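This structure is in structure tokens; I'll ask about it shortly.
Read-outs throughout are calculated quantities, based only on the coordinates presented, and are distinct from any laboratory measurement. None of these values were measured; they are calculated from a predicted model. Cβ placement follows ideal geometry from the backbone for every residue including glycine, while neighbour counts extend to all protein chains displayed.
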Amino acid sequence: MKTFSNIFPILILIVMFSCKGEDRSIVHRNFNSEIILNRQQFDTTSISPIPCPELGELIGTGEITFDISGDGTNDIAFEIIDLHYYNGTMPDTLDSLAVRARGITVDILDNSTYGYADALTQDASIGGSGNWSGNTVVLGTFAGAGQFNGHGEKYMGIKLKEGSNLFFGWVKLYCSVHNDTLKVISIGYNESAGDEVFAGE
């Protein structure tokens with residue numbers, strides 16, 4: 001009897017941890033796509049600001065789209081823009097690039113409610129709670145604003161809509177400190193409508 005009482009708590013823990021993966025069908029897709037706005041050669045690891053662009057240099061990458069659900073329709077778009085061309089003159093002490101994401105058929109998790117997408121860590125829960133945005137969101141911009149730039153690989157929460165069904169998922173991203181490079185690494189989403197997913201799952 002004493003042996004059973006020692007094993008019982010271990011059995012409970014095994015059951016609890018095994019439930020996380022039970023009856024869960026997670027779709028995964030690797031992109032490993034790099035979006036770069038390369039105005040000129042500079043050290044992107046440096047904390048010094050990027051020099052101002054010369055007239056005629058690139059003002060943006062344009063939107064790069066991705067099909068998350070694999071149905072042949074683009075679901076999300078990313079771009080890098082140079083704010084000099086949208087906001088006029090900016091101080092040389094500020095980086096002028098911004099990385100943005102736009103949901104085409106998805107909403108993006110933005111608990112800031114100010115258009116700055118949440119940068120989630122691995123295993124963060126993504127589900128029905130939180131503020132979901134159907135608008136363009138910022139991943140990184142000047143003065144260190146945004147939650148992705150310079151923070152390594154992070155996850156952006158997404159909500160796919162198919163009729164009345166909602167599917168929760170994530171996009172794994174890397175945004176450089178100067179916002180000149182965005183890597184769209186991979187995606188995952190739960191095929192079970194309405195059920196949460198864990199970032200990186």
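Compute the distance from the alpha-carbon center of the stretch 103-123 to that of the stretch 137-201, in whole Å.
Centre-to-centre (Cα) distance: 7 Å.
Okay, next question. Once both labels are modelled 7 Å past Cα along the beta-carbon direction, what's the residue 24-residue 136 spacing in nm?
It is 3.5 nm.
Need the full-extension length gain, residue 63 to residue 164, defined as separation in residues times 0.36 nm minus the C-alpha distance. One decimal, nm.
Numbers: separation 101, 0.36 × 101 = 36.36 nm, distance 2.76 nm.
Between residue 63 and residue 164, full extension yields 33.6 nm more.
With the crude spin-label approximation of a point 7 Å out along Cα→Cβ, what separation in nm comes out for residue 32 versus residue 73?
2.9
Between residue 192 and residue 129, what is the label-to-label distance in nm when each label sits 7 Å out along the Cα-to-Cβ direction?
1.9
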